[in-house]
Amino acid sequence: MPMSNHTQPMNDNKLDETSACINHSEKKEAGFSLLKYTFIGMLFGIVFVKAEIISWFRIQEMFKFQSFHMYGVIGTAVTVGIISVAIIKKYNIKTIKGEKIIIVPKPFTKGQIYGSLLFGLGWAMTGACPGPIFAQIGAGLMSGFVIFASALLGTWTYGFFQEKLPH
Amino acid sequence: MIDSLKAPWPWYIAGAIIGLIVPLLLIIGNKTFGLSSNLRHICAACFPANIKFFKYNWKNEIWNLFFVVGIIIGAFIATHYLSNPNAIVINEKLKLTLTNLGVTDFQNLMPSELFSLNSLSSIRGFVLMVVGGFLVGFGTRYANGCTSGHAIMGLSNLQWPSLVATICFMLGGFIMTNFILPFILQYN
């Protein structure tokens, strides 16, 4: 069984493609239609706080193999995600607007190794991956604002040096 | 009912809800789950500085910023109306390790000795928040995804590059927590 419906050509535009966070829907959405994403985000934000995923302690326990909690969260999420995507593909489920669902796979680059290792270091330091950074801000934790500003600077710096970095 | 909502939620509930966000986003708008790209969209919107990486139509991705606003509101609601009345439960071994390194605030989600505005003036507080945050922003963009985009969305679609990325995040975190953090925490 093919791993996905799409194969992405690797060409001179590799950098553009790997770095794009592309929106595949042809349909334009605006105004109130976008609020449905806010509602899903709210649910997500509540889960982040209530399951203590935004806690620095939970992340330390994870990397010291002292608690099953985060492995349980990520493992369950991936399992539910795999089953859901498989069902969508098998039954060719369409979006609510009748579009074909498209998931364009991210092509492999060596940047995924270097970048992921660096991100892992930062994740263990801050106790926050990008989602929980926003949740920390919502939870009123001042550290969230500092980490957010630093993460923005990190992203900007990557953009500045992108073409000079090995990928 | 409210009491069980206020207690910390178990992993299987949290994991199931997070997993269901994948098909939900696909079905309501053909959107793939991924949060770190928002940092790029914010840079593109606010500080493009004529950098090629930030020259794209970020407005096309505005749904994701709406999603993030939801996360902020949700976290606010959970903190103010559903907060756990008890102190957080932490592994005793971790408590001991941290106590020996001068971290003794085990009341809340984050230890105040490390993550507060005051601690920003200590070496360890600055390194953890500022250097750590920088690595999160730089690393996720270099890796083209984070825990949501690679570990959850990518693995859900059985993409092997996302498995490589996930293994590397975990390896980086393991190295930091076990081998580097004990040194950083000494400098308060």
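No value in this document is a laboratory result; all are computed from the given coordinates. Because the structure is predicted, anything quoted here is derived from the model rather than measured. Quick reminder, even Gly has a Cβ in these numbers, built from the backbone with ideal geometry, and neighbours come from all protein chains shown.
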Inverse mean reciprocal Cα-Cα distance (Kirkwood Rh) of the stretch B:140-181, Å: 10.5
Just need log10 I(q)/I(0) for chain B at q = 0.13, 0.17, 0.18, 0.19 Å⁻¹, Debye formula, equal scatterers on the alpha-carbon atoms, no solvent, rounded to two decimals. -0.95, -1.47, -1.51, -1.52
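Under 28 Å between C-alpha atoms is the cut-off here; go through chain B and count lysine pairs that meet it, provided they're at least eight residues apart or on different chains.
Details: B:LYS6/B:LYS93; B:LYS6/B:LYS95; B:LYS31/B:LYS52; B:LYS31/B:LYS55; B:LYS31/B:LYS59.
The number of close lysine pairs in chain B is 5.
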Per residue of A:67-76, other chain Cβ atoms within 10 Å number on average 6
Let me have the relative contact order for chain B, percent, based on Cα pairs under 8 Å that are six or more residues apart. 25
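Please report the projected area of the stretch B:1-104's Cα convex hull averaged over all directions, in nm².
Details: hull surface 42.5 nm².
Averaging across all directions leaves 10.6 nm² for the Cα convex hull.
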Could you rank the peptides B:169-182, B:9-22 by their average count of other C-beta atoms within 10 Å per residue, with the highest value first? B:9-22, B:169-182
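Quick one: grab the alpha carbon gyration tensor of the stretch A:93-167, order the square roots of its eigenvalues as a ≥ b ≥ c, and give me rounded if a/c is under 1.5, else prolate or oblate depending on whether a/b is larger than b/c. Mind dumping the intermediate values first?
Values: a/c = 2.30, a/b = 1.21, b/c = 1.90.
Oblate shape, in that a/c is at least 1.5 and b/c is the bigger or equal ratio.
Using 0.36 nm times the number of residues separating B:SER83 and B:LEU120, minus their current alpha carbon distance, what extension gain do you get?
Gain in length upon complete extension: 10.7 nm.
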Please report, in whole Å, how far the alpha carbons of the stretch B:85-184 spread along each principal axis, starting with the longest. 42, 29, 28
